[in-house]
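The values are calculated or read from the model by the stated rules, or taken from the named source; none is laboratory data. Everything numeric here is computed off the predicted structure, so don't read it as measured data. Every residue, glycine as well, gets a Cβ built from its backbone with ideal geometry; the counts of neighbours run over all protein chains shown. What goes into the accessible areas is simple: the full protein's heavy atoms, side chains included, and nothing from ligands, DNA or RNA. Shrake-Rupley method; radii C 1.70, N 1.55, O 1.52, S 1.80 Å.
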Amino acid sequence: MRKQKFGSRGPDVTIIGQGTWYIDRGDRKAAVAALRRGIELGMTHIDTAEMYGDAGLVIAESIAGKRDEVFLVSKVLPSNASRRGTITACERSLKRLKTERLDCYLLHWRGSFPLEDTVAAFDELIAAGKIASWGVSNFDTDDLNELLAVAGKGKIVCNQVLYHLQERAIEHGVIPWCERNGVAVVAYSPFGHNDFPSAHSKGGQTLQAIADAHRVTARQVALAFLTRIQAVFAIPKASNADHAADNAAAGNLRLSEREIAALDAAFPRGPKPRGLPML
């Protein structure tokens with residue numbers, strides 16, 4: 001599994017990780033098996049959030065005895081992101097995850113509390129050893145500029161954003177900003193939200209042809225395309241161990257310039273939108 005630095009000063013983290021949104025809604029044993037299989041295959045970056053409910057309990061069971069192998073990320077809800085609220089929310093998440101620390105803690109999206117308060121809480125949590133780093137999710141370039149002015153250089157470790165073949169808006173501004181400022185880009189919902197390209201569609205046919213050439217799956221090709229940019233990581237969710245293994249296999253898949261150009265043409269990024277797309 002290929003790794004790269006998570007932010008300008010962070011540790012080396014696997015480019016393909018594991019998302020956990022709704023992972024608590026299905027079969028609990030299958031979810032635990034999927035996460036454990038993913039960890040075994042190198043997908044040690046595990047992402048969750050306080051909004052994800054019992055996903056934290058599934059993760060706690062999955063990483064028992066393996067905590068030191070895992071790069072664990074969680075998020076605070078904007079409604080809790082006051083200085084005191086952020087610290088309390090983090091402590092709740094640590095308890096649910098049955099761990100003493102998070103490797104990275106994110107503000108889930110921009111809310112009404114001043115960024116100065118949330119950043120002060122993040123700094124306090126780092127000083128207390130409860131988190132190793134912090135970042136944000138769903139921040140557009142204007143938000144990132146404001147945050148950078150508050151926090152200073154080198155503090156923002158990542159920005160987790162919606163990114164998949166049919167939603168490439170972040171390539172206009174967000175990815176270039178993050179590249180310039182040493183911030184990791186983490187792609188959530190990298191297969192889309194129940195709208196992965198059909199094999200019968202024009203774009204889907206291009207995707208499948210490249211997959212067939214490499215003897216891999218279309219989803220593996222999609223992940224390889226998203227992570228072609230060095231700053232980008234992806235966190236697909238898997239509902240069972242076989243799906244986890246399929247995702248993990250994308251970690252060593254490299255596409256040629258010709259294949260990347262074909263996918264770029266099949267799934268054009270389109271014009272820059274007025275706002276940052278998010279789920």
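Numbers below:
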{"quantity": "When residues of segment 1-17 are limited to those that are of a type in the set (D, E, K, R) and open to solvent by 60 Å² or more (accessible area, probe 1.4 Å), the one modelled with the lowest pLDDT", "calculated": "ARG9"}
{"quantity": "Lone unmet requirement of (1) in a loop (DSSP other than H, G, I, E, B); (2) modelled with pLDDT of 95 or more; (3) open to solvent by 20 Å² or more (accessible area, probe 1.4 Å) for THR20", "calculated": "(3)"}
{"quantity": "Qualifying residue in segment 211-225 (condition: free of Cβ contacts under 8 Å to residues at least 40 places away in the same chain and open to solvent by less than 10 Å² (accessible area, probe 1.4 Å))", "calculated": "yes"}
{"quantity": "Residue count, segment 92-128 (criterion: touching a Gly at 6+ places or on another chain (Cβ under 9 Å) and in a strand (DSSP E or B))", "calculated": "4"}
{"quantity": "Residue that is surrounded by the fewest Cβ atoms within 10 Å (Cβ to Cβ) [pool: residues in segment 232-248 that are among the small types (Gly, Ala, Ser) and at pLDDT below 95]", "calculated": "SER239"}
{"quantity": "Segment 8-26, residues that are in contact with a helix residue (DSSP H, G or I) (Cβ under 9 Å, 6 or more places away or on another chain), more than 18 Å from ALA224 (Cα to Cα) and in contact (Cβ under 8 Å) with a residue 60 or more places away in the chain", "calculated": "THR20, TRP21, TYR22, ILE23"}
{"quantity": "Among the candidates LEU41, LEU77, LEU94, residue that is touching a residue at least 40 places away in the same chain (Cβ under 8 Å) and surrounded by fewer than 23 Cβ atoms within 10 Å (Cβ to Cβ)", "calculated": "LEU41"}
{"quantity": "Hits in segment 249-279 (condition: surrounded by fewer than 13 Cβ atoms within 10 Å (Cβ to Cβ) and assigned to a helix (DSSP H, G or I))", "calculated": "GLU257, ARG258, ALA261, ALA265"}
